[in-house]
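The values are calculated or read from the model by the stated rules, or taken from the named source; none is laboratory data. Predicted model only: the values in this text are computed from it and were never measured. Please note: Cβ atoms are built from the backbone with ideal geometry, for glycine as well, and neighbour counts cover all protein chains shown. Protein only, heavy atoms only, side chains kept; ligands, DNA and RNA dropped before computing areas. Shrake-Rupley method; radii C 1.70, N 1.55, O 1.52, S 1.80 Å.
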Amino acid sequence: MTPSAFSLAVYGIYLLANGVGLAIAPSVLLALLGLPPTEEPWIRVLGLVAGEIGFYFLFAARKGISSFFPATVYGRGAATLVFLALVVFKLGPVQLLLFAAVDLLTAIWTHLAIKRERTV
């Protein structure tokens, strides 16, 4: 597995873990983040979507579908900006900055790995 594929696999596991947590026990995961519990069905739907996307990341990483890798950098960069905007405009809780940090750091990791692989 290339370094860029490995970075995608790690992010995929992160998404899968969040997805499973939100789908099965959303209030537990929310409590860990200092957020109020909920039994709204949308949180479980979000968990399903996050888990599904995590699976796609793992699949692409394992199969070495490198044409997918740069798209994930752009997507995670955009997600970072949206999380930041939600917090700045007081449309979301400050805990969203944790997700922004993970997205930004893993996007940078993948981007640098892709650049290194292209120069080898």
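Key figures
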read-out: Inter-site label distance for Ala17 and Lys90 at 7 Å from Cα along Cβ, in nm; value: 3.4
read-out: For Rg/Rh (Cα atoms, Kirkwood Rh), calculated from these coordinates, the label among (i) 1.01; (ii) 0.98; (iii) 1.16; value: (i)
read-out: Net charge dipole size for the chain [Lys, Arg +1 and Asp, Glu -1 on Cβ; Debye, nearest 20]; value: 420
read-out: Chain lengthening between Phe68 and Ile24 when straightened (0.36 nm per residue, less Cα-Cα); value: 12.9 nm
read-out: The range 2-93 - percent relative contact order, Cα under 8 Å, separation 6 or more; value: 34
read-out: Förster radius 41 Å - calculated FRET efficiency between Leu81 and Arg118, Cβ distance, rounded to 0.05; value: 0.95
read-out: Residue-normalised accessible area of the range 40-120, expressed per residue, 1.4 Å probe, Å²; value: 66
